[in-house]
1. Which one of Asn78, Asn3 is away from ligand 1 (no atom under 12 Å from the Cβ), within 24 Å of Asp143 (Cβ to Cβ), modelled with pLDDT under 95 and more than 14 Å from the chain's Cα centre (by Cα)?
2. Of all residues in segment 57-68 being outside any helix (DSSP H, G or I) and not aliphatic (A, V, I, L, M), which is farthest from ligand 1 (Cβ to nearest atom)?
3. So the check is Cβ under 8 Å with 6+ separation or different chains; which pairs have a first residue in segment 58-71 that's in contact (Cβ under 8 Å) with a residue 60 or more places away in the chain and a second one that's hydrophobic (A, V, I, L, M, F, W, C)?
4. Across segment 30-56, what is the total count of residues that are surrounded by 14 or more Cβ atoms within 10 Å (Cβ to Cβ), over 24 Å from Arg113 (Cα atoms) and either free of Cβ contacts under 8 Å to residues at least 60 places away in the same chain or more than 8 Å from ligand 1 (Cβ to nearest atom) (or both)?
5. Look at segment 80-135 and say how many of its residues are of a type outside the set (S, T, N, Q) and in a loop (DSSP other than H, G, I, E, B).
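The values are calculated or read from the model by the stated rules, or taken from the named source; none is laboratory data. Note that this is a predicted model, so its numbers are computed, not measured. Cβ: placed from backbone, ideal geometry, glycine included. Neighbour counts: every protein chain shown.
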Amino acid sequence: MENSGEKIRELGLIQAEDYTGVSIETFIKIAKDFANKLKGGQMVLFFGDLGTGKTTFVRAMMEAFGVEPAVVRSPTFNIVNTYESGDKVFYHIDVYRITADELFDLGFYDYQRSNSIVLVEWAEKIAHEVDQPDYLISLSVNDKNMDTRDIIIYKRGRFD
Ligand SMILES: Nc1ncnc2c1ncn2[C@@H]1O[C@H](COP(=O)(O)OP(=O)(O)OP(=O)(O)O)[C@@H](O)[C@H]1O
Ligand SMILES: [Mg+2]
């Protein structure tokens with residue numbers, strides 16, 4: 001996560017919410033509340049090391065949209081999982097193992113449509129490929145209590 005502050009500013013994002021030392025229960029509630037803001041057409045980037053809760057956050061978001069939590073799994077190997085809810089389509093992507101070229105082959109640049117919501121784990125790796133993410137969620141293990149997490153939610157600064 002070195003230089004992530006600089007990357008975040010370059011993406012035109014500003015800090016909107018900041019939580020320190022949240023329990024798993026609060027973490028899930030924050031994710032569900034966040035989901036309720038999304039109307040469609042958004043891209044959400046997730047920054048955070050292994051096991052910080054990126055997939056857990058996405059699973060709770062999907063639950064808020066009525067998607068069965070059990071189907072929301074880490075797309076580490078298959079790269080992209082697709083979920084549907086009502087008229088919305090969700091692309092849950094893990095870019096840990098892929099390059100920018102592979103991202104293009106995947107159709108990533110066509111994913112941003114009015115009824116789609118794109119959720120990207122390990123987005124540190126592709127942040128330079130994304131023009132205008134709507135949100136960025138930075139997750140880390142709290143340094144005093146490993147059972148809790150620190151969460152910073154950034155949003156597009158210029159238009160909101
Ligand atoms: N306070 C907490 N908030 C969120 N997750 C927590 C908390 N305490 C423990 N956990 C656990 O941390 C784990 C986070 O795993 P998860 O797969 O969501 O991380 P990830 O960031 O997606 O990892 P990866 O980089 O491997 O994709 C889960 O097992 C979750 O239950
Ligand atoms: Mg994950």
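1. Checking each option against the conditions leaves just Asn3.
2. By that ranking, first place goes to Gly66.
3. Correct list of pairs: Val58/Ala31; Val58/Phe46; Val58/Val72; Val58/Leu119.
4. 2
5. 16
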